[in-house]
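Taking it in order: structure first as structure tokens, then the write-up.
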Amino acid sequence: MEPATGDVIAPVGRATPEDVHTAAVRAVAAQRAWAAAPFEERARVLRPAGEVLEADAEELKGWLARVWWG
């Protein structure tokens, strides 16, 4: 859901308690692996995301303004 407008962006399924538990266990394992990775590896993985954020900065600013300040 788009927080600023309440518009549905995409439908999602419901998670069972087992689904939530599995996701939490996997998230903990992934975070531990991420934390153990060398800085250079984490930077290599995140750099493309930073480039996307920079390229879409104007659109993101507008979205954030709508979400936070209506």
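Details
- Couplings 3J(HN,Hα) for region 20-35, derived from phi with the Karplus relation 6.51 cos²θ - 1.76 cosθ + 1.60 (θ = phi - 60°), are 5, 4, 4, 4, 5, 4, 5, 5, 4, 4, 5, 5, 5, 5, 4, 5 Hz, where x marks Gly and Pro.
- Evaluating kT/(6 pi eta Rh) at 4 °C and 1.567 mPa s, with the Kirkwood radius of the chain over Cα pairs in the Stokes-Einstein relation, gives 83 µm² s⁻¹.
All of the numbers you see were taken from the coordinates with simple rules; none came from a lab. The model shown is predicted, which means the values in this text are computed figures rather than measured ones.
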